[in-house]
1. Would you mind getting me the FRET efficiency between A:LYS276 and B:ARG231? Use the beta-carbon distance for r and R0 = 35 Å, nearest 0.05.
2. Which distance in nm do the two modelled labels at B:VAL78 and A:ILE20 give, with both placed 7 Å along the Cα-to-Cβ direction?
3. The protein assembly as shown: percent of C-alpha pairs farther apart than 30 Å?
4. So if I place +1 on the C-beta of Lys and Arg and -1 on the C-beta of Asp and Glu, and nothing else carries charge, what would the dipole magnitude of segment A:116-241 be about its Cα centre? I want it in debye, nearest 20.
5. Using a 1.4 angstrom probe and counting only protein chains, how large is the accessible area of B:PHE139 in Å², to 10?
6. With the crude spin-label approximation of a point 7 Å out along Cα→Cβ, what separation in nm comes out for B:ASP212 versus A:LEU91?
7. Have a look at segment B:103-136 and report residues whose accessible surface goes down by 20 Å² or more when the remaining protein chains are included, against the chain on its own, probe 1.4 Å, ligands and DNA/RNA excluded.
8. Let's test the formula: R0 of 22 Å, r as the Cβ-Cβ distance of B:LEU193 and B:ARG17. What FRET efficiency results, to the nearest 0.05?
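The values are calculated or read from the model by the stated rules, or taken from the named source; none is laboratory data. Worth saying up front: this structure is predicted, and the values here are computed from it rather than measured. Virtual Cβ from ideal backbone geometry, glycine too; neighbours counted across all protein chains shown. Just the protein is used for accessible areas: all its heavy atoms, side chains included, with ligands, DNA and RNA removed. Shrake-Rupley method; radii C 1.70, N 1.55, O 1.52, S 1.80 Å.
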Amino acid sequence: MEQAVRNPLLPQPATIEKIIPETGDVNTFRVTLDNAEAMTRWRHEPGQLAMLSVFGVGEAMFSISSSPTQREYLEFSIKRMGKVTTALHGLEEGAKIGLRGPYGNYFPYEKMKGKDLLFIGGGIGLAPLRSLIDFVLADENRGDYGKVEIIYGARSYDDLCFKRQIFEEWPQKEGTAVYTTIDREEEQWDGHVGFVPAYVEEIAPAAGNKIALTCGPPIMIKFVLQAMEKLGFKDEQIYSTLELRMKCGIGKCGRCNIGSKFVCLDGPVFNLTEIKELPPEF
Amino acid sequence: MTVKLINKDRFNVFLERLASGNELVAPIEEDGNIFYRRVTSVNEITLEADAFCFAPKGHFFPQYEVLYKYQQGSNALVLEEPGPAGPSVLLGVKPCDARALLSLDPVFDGNYKDAYYLDKRVKTTIIGLSCRKVRYNCFCRAFGFGPTSGEGADLFLTEVKDGYLAEALTSKGEALLKDYSDLFTETGVDGALQEKEQLAVQLDTQFKRKVDLDGVKARLDNMFEHPYWERLARKCLTCGICTFVCPTCHCFDIIDENGGGSNCGSRLRCWDACMFTDFTLHTSGHNPRPGKKERVRNRFMHKLKYHLDRYRVTGCVGCGRCIEKCPVNMDIIQVIAEIKEVG
């Protein structure tokens, strides 16, 4: 008998084409699907996720950190943390991995058209935001959005991801401002020193006609949200991404629920009004 | 809907023929418990035993299932899926377990269809069976069905004095009656239907524990922060037996098993439980459900609220298994009553 249903749990063979070191423990992996036709057909939206496999070790979910406008390859910026990420960091260019997805919802870029955008990221939290930053800054989309401000911080200079983009590429784009900060003073660093939430208050971006998107460690997000409230941002103007442990990525394994929502299906992107309606269990 | 009758002698022939033409899965007693297992000889089948019976969910969602095999060369990766399921017949399914499949279906269906579950689901014919007795912790009636309800089955049997009444409830059930039409008769069906009604009335008097779900969901909607969960969770051992015996629990883990060498093996899924400490543990060490309170709350919320919110069908069917097997007498019937008191 024929299999009755196509299998969404089966990964596609993929190759790590390039490994770009970002920090001491973050690499960006540039990945292509081995099936050229599948690569051509691939579509994702900014903020969506994909499941990467190192066979013999396991599978883990990552946000796709490259823009959908980049059609040649996908990028994943991954911090070395646990089993699968350590195995990924142990691979070399040319290694075969598995990939399935894309999964989850995405940043509602249609609703953001005509508005100014404020990105606030901390550490590896810039990875999911980067897919949207590169999407709105792409020539074909830039005209749809107003001013783009990016506030980004990390523990140290070494921990800042995407250095080429934050220091060179993005600031050179028209109507774009990038503010970076590190937690503690360092020699050779003449930029801002301090935590991201405090820096947000210092920069004090105006709330009018603006959408804010924030991603980073939970503690940073908590204080960023307090800062935003002081600056007059309304909940509807703020989006964040949530992250929970996942196994299947398709709403079956029961692991990433927050109340009756599944982060893999209903997230990872949530408006702050939605986050406030969720039971506080994330 | 076709309704027929089959006498006891012919019923044995029916079983023989089902077992020879299909994969037949039926209740089989083993060490004082009943499991749904593939039948090798129809004499093993035990449709009317008193022993504790595990749910048949494992037929569709095995406790351990290979998703695919992988073989990784230096520049090639080969993934091999298991072959598709063959046709099977699942016999002797209790009303609660048939109804439980209707709670599981929307989980494994949806935008992303779980090929493993649905393939077996599509190819399995479910023969349900009315209960002959009500166990102490049974409370299916709270969920709007009872020990003679066939919902979820394709063909539904009720034992009567002359054999089994057989009601076809779906096209699969109709097909079965047609395929085996030489064994079934229409003679005596009216009397058997009356007997079934009497059985239903008689079983109705056997329920020992009163359960009323009215208002429970509404209370749970506002009970997330209630101190009750802390109190309730205190005695829980988080052993997970409640999820293991539950006919609607479906959480799973996905793991790799290396096949001797470093470059080939299997990726498989196995049952997992929201009661376990590391179920939701992040790599960073953060755990959204770090303690017993959070995990116990999640389980009861899931059974009586979350599943209902998401799929419009409850995540509990009142089978009473979790009550019977819990080593510390965690009792969902009592929890339901307490929610109504404290909520």
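1. Working: r = 27 Å, r/R0 = 0.77.
Taking R0 as 35 Å, the efficiency between A:LYS276 and B:ARG231 is 0.80.
2. Spacing of the two 7 Å Cα→Cβ label points: 3.6 nm.
3. Values: 117007 of 195000 pairs.
Roughly 60 percent, once rounded to a whole number.
4. Magnitude of the dipole: close to 300 debye.
5. Rounded to the nearest 10, that gives 10 Å².
6. Using points 7 Å along Cα→Cβ, the separation is 5.9 nm.
7. With the partner chains in place, segment B:103-136 has these residues losing at least 20 Å²: B:VAL107, B:TYR112, B:LYS113, B:ASP114, B:ALA115, B:TYR116, B:ASP119, B:LYS123.
8. The value I calculate is 0.30.
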